[in-house]
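Read the structure below first, then the notes.
Read-outs: derived from the displayed coordinates by stated rules, not from any lab. As the structure is a prediction and not an experimental result, all values here were calculated from the model.
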Amino acid sequence: MKKWITIGIILLFVFILYRSVVGSYNTMVGMEEHVGQQWAQVENVYQRRMDLIPNLVNTVKGYADFEKETLTGVVEARAKATQVTIDPQNLTPAALQQFQGAQDGLSSALSRLMVVVERYPDLKANQNFLELQAQLEGTENRIAVERKKFNESVQIYNTYIRRFPNKIYAGMYNFEKKGYFEATAGAEKVPEVTF
């Protein structure tokens, strides 16, 4: 009788361990998929911005005396930004930093374009330009929202795989920590505004 009780206890222990491993593994898979899905949403809104830029550039190009250097800068920054892609399985801090650097270059070029536009009252009054500018502003807001959601899903995933005993299972099955979107260098400084 003692033999069967011992075997029963061992089988119960093995079953509990098996359920723990399987449950943790399946949860990690689900969380990693959610991080990938959130990353796809981030790429989606960045793609929307990329799609708006040619229309914006073409609208601005219609003004013959407009600074060609500024337009060229926007087009080149867009080209660089489209070349940087990340595999959702490789969301490392370095990969995200490279992606963000390309996107920051594009944001900077767009900011310069909007500053130069201020000198052209006819362009600022153009209905197509105003609509594109409003769409671009809305897209920038969407980018911020989707980046926040992405960071939240990464935080939940990273926390889960770093807790005990999940850390052991994550190491066994190669679930690695994902990177976050971080603020651009210098974002903590208050900009100086002069009139």
The chain: relative contact order in percent, alpha carbon pairs under 8 Å with at least 6 residues between: 33 percent
Degrees between helix 68-83 axis and first principal axis of the chain (Cα, 0 to 90, nearest 10): 20 degrees
Cα-only radius of gyration and Dmax that characterise the chain, units Å: 24.8, 97
C-alpha center-to-center spacing [the range 45-110, the range 1-25] in angstrom: 56 Å
Under Karplus coefficients 6.51, -1.76 and 1.60, residue-wise ³J(HN,Hα) of the range 27-41 in Hz, glycine/proline x: 5, 5, 4, x, 5, 5, 5, 5, 4, x, 5, 5, 4, 4, 5
Fluctuation leader among Gln97, Gln135, Gln83 - the chain, Gaussian network, Cα springs under 10 angstrom: Gln83
Kirkwood Rh, angstrom, the range 72-149 [1 / mean 1/r, Cα pairs]: 14.2 Å
Computed over the range 15-126: relative contact order in percent, which uses C-alpha pairs under 8 Å that are six or more apart: 25 percent
GNM flexibility winner over the chain from Leu12, Leu130, Leu110 (Cα, springs under 10 Å): Leu12
Within the chain, helix-based [θ] at 222 nm, where runs of 4 or more DSSP H residues each add -39,500 (n - 2.57), nearest 500: -27000 deg cm²/dmol
Most fluctuating residue given options Asp51, Asp122, Asp87, as computed from a GNM of the chain linking Cα atoms under 10 Å: Asp122
